[in-house]
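Rule-based calculations on the coordinates, nothing more; no lab input. Note that the structure is a prediction, hence the values are computed from the model and not measured. Note: ideal-geometry Cβ built from the backbone for every residue, glycine included; neighbour counts use all protein chains shown.
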Amino acid sequence: MLIVSLINTRRYSILLVLVILFSLGSCKHEPEEMNTNVIPNPNDSIINGVSCDPDSVYFQNDVFPILISGCAKSGCHDAASAEEDVILTSFQSIINTGEIVPGDPSESKLYEAITENDPEKRMPPPPNAPLTTEQILIIRKWIEQGAKNNYCTSECDTNNFRFQTAIRPMINTNCKGCHNAIQASGGIRLDDYNSVKAVAENGKLIATIKHDPGYSPMPKGGNKLSDCKITQVRKWIADGAPDN
């Protein structure tokens, strides 16, 4: 009996040691190795908005509205048409298919197209009007500054709702490219005061920029106008939509 008891005691001791070792092993965690070599691609995400610097050009504020209105439309460079395999409906598609070389406008296919002297190669093509000198300089400066996917928060004054200083520049940047005498999308023109006033008075202008149900949201394919800009339009209309 003594021998059996010693054997059982020895077995118990061995079992206890194994249990303790297992428990210690199961509670031990190797620290996770942090990957410090991952460098985010600045072209993949929007750089957070900052106060607008007058010496900087911002993609979301300045460049994208020009391309959406003047180029990324049906029959040209929207996703469905993709003329010459160029799609200008998003930052990444502009960078890729527009063959943008950050820092070098002269080597960027998009810039070459908007400054082309040959009408058959120019973008936008005739009979569409070319981009204005000011718009071309905006795109050039954006590329020179690194072609970033950035935006800024501007100081928008809702008390400034005059047609010449607030409404007209907004329309020219965001709407005129699709709503003019040559291409009046939806039968709507917005290339002169009387045309804009007519759409303002019938309620379509404010309804479309507010994205009201039953109306096609505008700018089509672009970013919704800020609340401040919508308020400027609403106040201008409420004031009788004067031409001043």
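Working ranking of peptides 204-212, 75-83 by packing, defined as the average number of other Cβ atoms within 10 Å per residue, highest first, is 204-212, 75-83. In this structure, His211 and Glu112 have a Cβ-Cβ separation that, at R0 = 45 Å, corresponds to a calculated FRET efficiency of about 0.80. With a Förster radius of 41 Å applied to the C-beta separation of Ile182 and Gln92, the computed FRET efficiency comes to 0.90. The label-point distance for Ser226 and Cys156, in a model that sets each label 7 Å from Cα toward Cβ, rounds to 0.6 nm. Taking other Cβ atoms within 10 Å as a rough exposure proxy, Val196, Val101, Val86 sort from fewest to most as Val101, Val86, Val196.
Taking the stretch 200-221 and a reference point 7 angstrom along Cα→Cβ of Ala80, the backbone N atoms nearer than 14 Å belong to 220-221.
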